[in-house]
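One structure is given below, encoded as structure tokens.
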Amino acid sequence: MVRKPGLFLPLLLLLLGPAPARSIGQLPLILNTWPFRNATVAAWKTLAAGGSALDAVESGCATCEQQQCDGSVGFGGSPDESAETTLDAMIMDGTTMNVGAVGDLRRIKNAIGVARKVLEHTTHTLLAGEAATKFAESMGFINEDLSTNVSQALHSDWLARNCQPNYWKNVIPDSSKYCGPYKPPAILKRDGITYEDTAHSYSHDTIGMIVIHKMGNIAAGTSTNGIKFKIPGRIGDSPIPGSGAYADDMVGAAAATGDGDILMRFVPSYQAVEYMRRGENPTTACEKVISRIQKYFPNFFGAVICANVTGSYGAACNKLSTFTQFHFMVYNPLKSEPTEEKVDCI
């Protein structure tokens, strides 16, 4: 029996699935949180020079660290209670599912670079604190003070305002009125006295970046100096795989920004990728993640960016009175230059 060529091709396409996204000209793709244009350009130039998706993520995030994007990435910003700036960063390879991350990194400026070394030279995923600094030094990074006149002035002003805001609760003295040191009431035998649990919600910017190479390899990463006046030792969502960012060559990638203490409880980047795995488009996947968190924390500050293997992308954010739109950067072959886009919060 002779097969009719016209029937064979549709059958082959059905068995193999849709053609790779690169055939429709939307790859490579660079997507990152906030209007950090220079970071987007740096990542794009890395790809254009023949770099990998991982190289591009590292380059883009490192640019923000060097330029201290919005004072919330890199050295000299967001001092903790003791006036020290510490850094969190992560990089993930969606081809191998390997991750390198650092949390509470001290006195090393290039956090994303150290995270890349964790990925390449260890079988671990996350290193933290002073031990992460020692590791960085062994990898050739320079130990130097991350404080600046700006971060020192921020801390001095905070002390003058009786350490407001801070992130303590149910302690003595009253953390909504006074500086510490703080202790639980039971330790100080102050039974019978009630203390107000004062909630704080303060905006914060983290660079989260997604890169999809023209060959389909996907990487994602983050870099941040955390929230201002955090309790020393605090690590946010950014260096946590699945929270700050997540990448899978078979599906796509996502990255989150906002209140890391809340975001990490919902592993939003992983969840967004899983929604896309089930067939949701990137915008819907991002919106579902935000809606999931809203059920428990309706007033949380946060946003998510998502991209799938076809180069389609989307974003979503939680609407607050002071935060109604989320801005992010996009660069792909369909655009002559990096484009700032925005989405209305839900």
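Overview of values
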{"item": "Degrees separating the helix 37-48 axis from the principal Cα axis of the chain, which is the longest one", "result": "40 degrees"}
{"item": "The stretch 79-147 - convex hull of alpha carbons, volume per residue in Å³", "result": "73 Å³"}
{"item": "Peptide ranges 40-47, 247-254, 66-73 listed from the most packed, as the mean C-beta count within 10 angstrom indicates", "result": "247-254, 40-47, 66-73"}
{"item": "Span from the the stretch 296-329 Cα centroid across to the the stretch 250-279 one, whole angstrom", "result": "11 Å"}
{"item": "Stretchable slack from Arg37 to Glu137, in nm (0.36 nm times residue separation minus alpha-carbon distance)", "result": "33.0 nm"}
{"item": "Two-site label geometry, Lys335 and Met215: point separation in nm, points 7 Å out along Cα→Cβ", "result": "2.5 nm"}
{"item": "FRET E, pair Cys179, Asn299, Förster distance 25 Å, beta-carbon r, rounded to 0.05", "result": "0.45"}
{"item": "Debye log10 I(q)/I(0) for the stretch 225-346, one point scatterer per Cα, at q = 0.11, 0.13, 0.14 Å⁻¹", "result": "-0.35, -0.49, -0.57"}
{"item": "Read-out mean projected area of the Cα convex hull in nm², derived from the coordinates shown; its label in (i) 17.3; (ii) 19.6; (iii) 21.6", "result": "(iii)"}
{"item": "Nearest-ten-degree value, helix 282-294 long axis tilted from longest Cα axis of the chain", "result": "30 degrees"}
{"item": "C-alpha long axis of helix 53-67 to longest principal axis of the chain, angle in °", "result": "30 degrees"}
{"item": "For the stretch 112-134 and the stretch 25-99, distance of Cα centres in Å", "result": "16 Å"}
{"item": "Segments 328-341, 292-305 sorted - mean Cβ within 10 Å per residue, highest first", "result": "292-305, 328-341"}
{"item": "Within the chain, helix-based [θ] at 222 nm, where runs of 4 or more DSSP H residues each add -39,500 (n - 2.57), nearest 500", "result": "-8500 deg cm²/dmol"}
{"item": "Per-pair calculated FRET efficiency, R0 = 35 Å: Lys45 and Asn170 via Cβ, rounded to 0.05", "result": "0.10"}
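Taken together, the values in this text are just the output of simple stated rules run on the coordinates, not laboratory data. Remember, predicted model here, so these are calculated numbers, not experimental data. Please note: Cβ atoms are built from the backbone with ideal geometry, for glycine as well, and neighbour counts cover all protein chains shown.
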